[in-house]
Amino acid sequence: MEFILQSFFTILRESGVRISVGESIVAMNAIKLIGYSDRESFKHTLSTCLIKTIEEKEIFEKSFELFFSAHMFESQLDDYNEYSSDEIKEELSEISKNILDGDKAGLMTIVRKALQNVDFRDLKRITQQGLYIRKVMDQKGIRDLEQDIGMLAEYNFPGAGRMTMLLEKTKRELVEYIDSYVSQQYNLHNDFNDRVNEETRIRDTTFSKIDQKKASDMSRVIQILAKQLYALHSRRRKNYKRGTLDIRKTLRKNSSYQGYIFVPQYKYKKIQRPEIFVICDISNSVQNMSRFMLLFVYSLNKTLLKVRSFALCSNLTEVSHVFKHNSGEIAIDKIHRGEDIDISMGPTDYGQAFKDFKEQYLSTVKSTSTVIILGDARNNEGDPKSKLLKEIQDQCKTLIWLNPEVETMWGAGDSVMDEYRKYCDIAQECNSINHLHKTLDLILRS
Amino acid sequence: MNNERFISVEEIMESYKTESYICSKSIATTLFLAYNLGKPILVEGPVGVGKTELAKTTAKYLGSDLIRLQCYEGLDESKALYEWKYGKQLLYTQILKDSLDKIINDAGNLTEAMDRLHQHEDVFFSPNFLEPRPLLKALQMENRSVLLIDEVDKADEEFEAFLLEILSDFQVSIPEIGTIGAKSRPFVFLTSNNTREISDALRRRCLHLYIPFPEAELESDIIQVKVPEITESLKTQLVSFIQQVRKLEIKKAPSIGETIDWAKVLLLLHIDKLNPEIVRETLSVILKFQEDVATLESKLEDITLKAVKETEV
């Protein structure tokens, strides 16, 4: 049984569940305590010892059902003793003996060994499945079963018929089992390879090329990257740390008690978290881009960043409150639909937007804040009012402009990027998750 | 310690029931394993499914003390593990000035005086001046205690790292004194509401238990135990109603605790059958956001009728 468990662990690992050696030992010990008799308890036990997140739980459920297919636990092998003729049995191979004796563990061991001998790594196409089933059935141990069936058919003694029937039935079940195992292997290996490649690819995908399906993959990659950034920066950004005894402060505080010291004082350390203002153009041309920027920013833990977000189209308005009350994706959808916010979805007017920002929010921008503007700077021939952008730049620490268009396009047509970039501390092309990731990393570092 | 505890999964389910805690088989299995393997349990799940209650019940069942450590942002060693009683140390140095004088008075020179002091210095860094916080307290208990580390996701990640030593070896290192091992291994529960991902290192050291919202049947059993006076039909209607509400897209789904409160409220009002009016009036017991109430409003009649129908069949 230990062997079977080990191969189950391997399957889980290949499906992306991280199982340490320690955990597998715990699981083995736990199984010893619980026993195998009850399928449900058996499953709970493995789950509780190995599966540590809710996402992994789903993978576990699937793999478990596939791997420990129900017939392993139900005793459907008939008790055969009344028909068995020991002399005949002696001539049969080990696998048939196991079947006739109802020794399922023995049978499974043979099957496992056969499965192990077949290299599934080359299984690339689903059409190859039949070939691989054959390969397994031809392995030493299992091959004997077919020979035995042929041999028994020639004998003529009471019970031989039933023996053959039982063997045939088991053979059919075996093929079924191997079939499901092979397709599972196919899914496992191909899933795994796909996933790794997919992730790297997604990071470089241009935002404008994203369809609905990829968008959800993208969000997943964003979550992962956000977590990485968090891990990287959280240590430095602990906002309030209670420290050790502060001797100087203690002496000062206690001087009023005739020099008797009994009220200790501690060192406190306060680290400011960076405050960023994200101004997003939410018009159609930049929608995807702003979507992922917002998602990224709000995926970062609140302890790391203080974020205020603004939507920009024909005018500008604050949308931070939408994120306060809704989770990321929902909030972004709401903003794009213009729900609950005071925005007019006419032609983009950066000049007007900066004017709104200056009048309503500029006073709250501190000299330590960072302002990020996302937009293509296509102003529809309106007045760019770049003086206003300069005022914003003067007020904040860094002004970053992220433009989804390639740099050569800046200034072409109705783009006023050339005008604006004079007042930006950083002006960057930004149209993939990798770009976003780099920018945010930069902000957190500063 | 009673040796007859935790002998089988079924026994746990039975005994917890007598302590008014209905646990499903997966919960019981995890408890059984955690106890027998000496592993901590990491309990996750939505708010109000009885994560904290599980630890409390376990303490009651084992007849041992429950030591609770509530986590929050900024929690650190000095609040969780131990702290020197600085005030006491300072005060004692003042009070003991005379005796200190005596020790060094007849010393010939500075070196000798220092030597003499050195012989006594550890006095101030001894267990007498140690203020044990929950974690250390749990390790020092003579009998096996139940240690509840509540909402571990609220604490900083550094704190998690610091928990690792305690959870895997059940010992703590205090620089001035040395390593203190556990007198008895506490039975550890960690709970998390998933506001932040718990690190893999911590997860690896624990058994994992996910408690979802209960199925209708289980919830019905729980209400039966907690509010035994309730009538069968009202209970069925109540559970059916709540189960339907949880399926709606609302901000905060009603927890078991709220279901129980609602049952009590209805009992107090002498209601024996749900109707839309009563539901509307008492809705504030189960829904805590105005938006949720608004969401439910349009479907309220349907849901109530469906719930009532359950008992008529």
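Answer yes if at least one residue in the stretch B:166-180 is open to solvent by 30 Å² or more (accessible area, probe 1.4 Å), of a type in the set (A, V, I, L, M), touching a strand residue (DSSP E or B) at 6+ places or on another chain (Cβ under 7 Å) and more than 23 Å from B:T57 (Cα to Cα), and no otherwise. Scanning the stretch B:166-180, I find at least one residue that is open to solvent by 30 Å² or more (accessible area, probe 1.4 Å), of a type in the set (A, V, I, L, M), touching a strand residue (DSSP E or B) at 6+ places or on another chain (Cβ under 7 Å) and more than 23 Å from B:T57 (Cα to Cα), so the answer is yes.
Screening A:K334 with (1) within 24 Å of A:K438 (Cβ to Cβ); (2) under 32 Å from the mean Cα position of the chain (by Cα) gives one miss only, at (1).
Exactly one residue among A:I4, A:I54 is free of Cβ contacts under 8 Å to residues at least 24 places away in the same chain and hydrophobic (A, V, I, L, M, F, W, C), and that residue is A:I54.
Of all residues in the stretch A:29-53, those being more than 9 Å from chain B (Cβ to nearest Cβ) and open to solvent by 10 Å² or more (accessible area, probe 1.4 Å) number 5. Filtering the stretch A:7-23 to residues that are within 20 Å of B:C206 (Cα to Cα) and either within 10 Å of another protein chain (Cβ to nearest Cβ) or open to solvent by 10 Å² or more (accessible area, probe 1.4 Å) (or both) leaves A:R13, A:G16, A:R18, A:I19, A:S20, A:V21, A:G22, A:E23.
Among the residues making up the stretch B:144-165, those that are closer than 19 Å to B:I41 by Cα and open to solvent by 40 Å² or more (accessible area, probe 1.4 Å) are B:R144, B:E151, B:K154, B:E157, B:A161, B:F162, B:E165.
From B:K25, B:K102, which residue is of a type outside the set (S, T, Y), in contact with a His (Cβ under 7 Å, 6 or more places away or on another chain) and modelled with pLDDT under 90? Spell out the reasoning first.
Values: B:K102 fails: in contact with a His (Cβ under 7 Å, 6 or more places away or on another chain).
Answer to the check: B:K25.
Can B:G87 be described as outside any loop (DSSP other than H, G, I, E, B), within 28 Å of A:D246 (Cβ to Cβ), of a type outside the set (A, V, I, L, M) and open to solvent by less than 30 Å² (accessible area, probe 1.4 Å)? Criteria met by B:G87. In the stretch A:337-352, of all residues being under 34 Å from the mean Cα position of the chain (by Cα) and over 15 Å from A:Q287 (Cα atoms), the one that is surrounded by the fewest Cβ atoms within 10 Å (Cβ to Cβ) corresponds to A:E339.
Of all residues in the stretch A:372-395, those satisfying the criterion of being among the hydrophobic types (A, V, I, L, M, F, W, C) and open to solvent by less than 10 Å² (accessible area, probe 1.4 Å) are A:I372, A:I373, A:L374, A:A377, A:L389, A:I392. Scanning the stretch A:358-373 for residues that are at pLDDT 85 or above, in contact with a helix residue (DSSP H, G or I) (Cβ under 7 Å, 6 or more places away or on another chain) and of a type in the set (A, V, I, L, M, F, W, C) yields a single hit, A:V371. The number of residues in the stretch B:214-227 being part of a loop (DSSP other than H, G, I, E, B) and surrounded by 19 or more Cβ atoms within 10 Å (Cβ to Cβ) comes to 2.
Can you give me the number of residues within the stretch B:181-207 that are more than 14 Å from chain A (Cβ to nearest Cβ) and either within 25 Å of A:A27 (Cβ to Cβ) or crowded, with 22+ Cβ neighbours inside 10 Å (or both)?
6
Considering A:M108, A:M163, A:M151, which residue is among the aliphatic types (A, V, I, L, M), at pLDDT 75 or above and open to solvent by 30 Å² or more (accessible area, probe 1.4 Å)?
Working: A:M108 fails: open to solvent by 30 Å² or more (accessible area, probe 1.4 Å); A:M163 fails: open to solvent by 30 Å² or more (accessible area, probe 1.4 Å).
Unique residue meeting the criteria: A:M151.
Taking the criterion of being part of a helix (DSSP H, G or I), more than 9 Å from chain B (Cβ to nearest Cβ) and either surrounded by 18 or more Cβ atoms within 10 Å (Cβ to Cβ) or modelled with pLDDT of 50 or more (or both), the residues of the stretch A:57-71 that qualify are A:E58, A:I59, A:F60, A:E61, A:K62, A:S63, A:F64, A:E65, A:L66, A:F67.
Each row is one residue, and each column tells you yes or no for (1) β-branched (V, I, T); (2) open to solvent by 20 Å² or more (accessible area, probe 1.4 Å); (3) under 13 Å from the mean Cα position of the chain (by Cα); (4) away from chain A (no Cβ under 12 Å).
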| site | (1), (2), (3), (4) |
| --- | --- |
| B:V9 | yes, no, no, no |
| B:E14 | no, yes, no, yes |
| B:S24 | no, yes, no, no |
| B:T30 | yes, no, no, no |
| B:L33 | no, no, no, no |
| B:K39 | no, yes, no, no |
| B:P46 | no, yes, no, no |
| B:A59 | no, no, yes, yes |
| B:S78 | no, yes, no, no |
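Counting the residues of the stretch A:420-442 that are open to solvent by 40 Å² or more (accessible area, probe 1.4 Å), part of a helix (DSSP H, G or I) and within 15 Å of A:D376 (Cα to Cα) gives 1.
The values are calculated or read from the model by the stated rules, or taken from the named source; none is laboratory data. These numbers were taken from a predicted model, which means no experiment stands behind them. As a convention, Cβ positions derive from the backbone with ideal geometry for all residues, glycine included, and neighbour counts pool all protein chains shown. Accessible surface areas use protein heavy atoms only, side chains included; no ligands, DNA or RNA. Shrake-Rupley method; radii C 1.70, N 1.55, O 1.52, S 1.80 Å.
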